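First comes the structure, then the notes that go with it.
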Amino acid sequence: MKMWTRRAARYAAVLAVAGGVAIATTTPASAATPNTAVGIQAAGILPLGPLVVSTFPGTSPVILTGVDLPPLLTVGAVGAETGPTTAHAAVAGLSVSLPTLASVTVGAVESSCAYDPSTGDVTGETDVANGTIKLLGIETVLEADPAPNTTVTLPAGLGSLTLNQQTVEADGTLAVNAIAIDLLGLEHIVIARSVCNDAP
């Protein structure tokens, strides 16, 4: 069983009953590493967010329903949660569309990362449920457990889509983007971003 299976189930239950915008926060009792989870962010021609941001120390969890960036992106619900050694972001009901050329639909997608104090390692993963990408009318199912930096090239030089995009900074900080979309180098969309520092 994956380390985030139970947490994902909890998010699914929360998101299923959320009828509008719901934000729940708790304040940690003590300071810890600056771990961060971000539901959605976009930069470029159509900027958005970052939306649904959880930090530790700070606020966690944070939940939001109904996010739209017309005509490009629609999201049903977003959740973000962080702890002293972990970060987790989840998005449900995702739709990204470039009419007649390409579209991405995902039932649920999440990223997570964790620092292991016993080994000093920081690890991350991405899970995709009911995800498909359609390129010029041809539909392909997205991997449920994609390897780090799995990339799909979009048609007609439109850009790329990367699943489980992972980058490590010089200080050991790991960033995991469940889905990263680059459109013509003019629009950059990140779905479900988790960042963990390599410190206890």
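Bear in mind that the values in this text are calculations on the coordinates, not laboratory data. All values derive from a computational prediction rather than experimental measurement. With ideal geometry, Cβ positions are generated from the backbone for all residues, glycine too; neighbour counts draw on all protein chains shown.
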- Gained length - Thr74 relative to Ala43, 0.36 nm times residue gap less alpha-carbon distance: 9.6 nm
- Between region 64-116 and region 131-195, what is the C-alpha centre distance in whole Å? 12 Å
- Query: Between Thr151 and Asp116, what is the FRET efficiency for a Förster distance of 25 Å, r being their Cβ-Cβ separation, to the nearest 0.05?
  - Reply: 0.35
